[in-house]
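K.L.:
Once you've had a glance at the structure underneath, I'll fire off some questions.
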Amino acid sequence: MKSISVWDIPVRLFHWSLATSILFLFVTAQIGGNAMEWHKKIGFFVIGLIAFRVVWGFVGSYHARFKNFVRAPATVIAYAKKLFKKDGSHYLGHNPMGGLSVLALLAVVGFQTLTGLFSNDDIMLEGPYASLVSKAFSDQMTKLHQLNSDLILVLIGLHLSAIAFYAVFKKEQLVEAMLTGKKELDASIGGDFETEMAEKPRPYWLPWSIVGVVGGLTYALVTRVFF
């Protein structure tokens, strides 16, 4: 076995920041009242997180880029058919089903933040764009915001189940890999991993530059600088 760097720091920071943010969003939603102010602020933060991950999905390190883990439906189906076989295909980064789950989470959480911008609670809190649309439209966005939160819970449940499955059946410690950035690779396993490992890391200034730009644009969006 040899230890190989897979997940870069930006990917890991995004992952744990999003997980923590979603937890606090659900907690504040349950508490209600003054806690909803924090719900709103954390929601704005999540907009920035999602925007950063989308950009990093095009310019980030090898395993962070969409083109290297988003695969054709046929590949996903073929992988799923061998899921319970010990000799199935091995991937350093996201496997075909894992790549699909990344897209699903980005889409569903992104949609949640979008609806939140137009939502209202009929009491004291509303999204920054609720006043720009009709009350009927805002109410519809509020309903979608509430319904979509259930879908997020379903995806989180599937995600946690997958982590447990890979830990027990596949002997892959996905949580540890997302903490350390490294995976243990059996040298006897075949696969074209050389290309993945040979790529030079991205310069340190790149992710922080993206954070600055995305942060500024997110602030402009939620404070309605342009509206």
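The values are calculated or read from the model by the stated rules, or taken from the named source; none is laboratory data. Predicted, not measured: the structure shown is a model, and the values here were computed from it. Ideal geometry is used to build each Cβ from the backbone, glycine not excepted, and the neighbour counts take in all protein chains shown.
K.L.:
Cβ-Cβ under 7 Å, sequence separation 6+ or interchain: first residue in the range 18-43 and within 19 Å of Leu114 (Cα to Cα), partner part of a loop (DSSP other than H, G, I, E, B) and of a type outside the set (D, E, K, R). Which pairs?
P.N.:
Listed pairs, sorted by first residue: Met36/Leu125; Lys40/Leu125.
K.L.:
On to the next question. Which one of these does Val54 not meet: (1) over 23 Å from Leu221 (Cβ atoms); (2) surrounded by fewer than 16 Cβ atoms within 10 Å (Cβ to Cβ)?
P.N.:
(1)
K.L.:
For the subset of the range 12-50 comprising residues that are of a type in the set (Gly, Ala, Ser) and buried (at least 20 other Cβ atoms within 10 Å of the Cβ), which member is nearest to Leu160 (Cα to Cα)? Show your work before the answer.
P.N.:
Of all residues in the range 12-50, those of a type in the set (Gly, Ala, Ser) come to 17, 19, 21, 29, 32-33, 35, 43, 48.
Within this subset, residues satisfying the condition of being buried (at least 20 other Cβ atoms within 10 Å of the Cβ) are 43, 48.
Details: Gly43: 22, Gly48: 24 Å.
Checking each candidate, the answer is Gly43.
K.L.:
Here is a follow-up. Just checking, which of Ala167, Ala136 is assigned to a helix (DSSP H, G or I), among the small types (Gly, Ala, Ser) and modelled with pLDDT under 95?
P.N.:
Working: Ala136 fails: modelled with pLDDT under 95.
Exactly one of Ala167, Ala136 is assigned to a helix (DSSP H, G or I), among the small types (Gly, Ala, Ser) and modelled with pLDDT under 95, namely Ala167.
K.L.:
State whether the residues of the range 114-132 include one that is surrounded by fewer than 19 Cβ atoms within 10 Å (Cβ to Cβ), under 25 Å from Arg12 (Cα atoms) and either of a type outside the set (D, E, K, R) or in contact (Cβ under 8 Å) with a residue 60 or more places away in the chain (or both).
P.N.:
yes
K.L.:
Residue under question is Thr113, and the condition is that it be at pLDDT 95 or above and either polar (S, T, N, Q) or farther than 29 Å from Ala220 by Cβ (or both); does it hold?
P.N.:
yes
K.L.:
Give Gly93, Gly57 a once-over and let me know the one that is part of a loop (DSSP other than H, G, I, E, B) and under 19 Å from the mean Cα position of the chain (by Cα).
P.N.:
Gly93 is the lone residue from the list that is part of a loop (DSSP other than H, G, I, E, B) and under 19 Å from the mean Cα position of the chain (by Cα).
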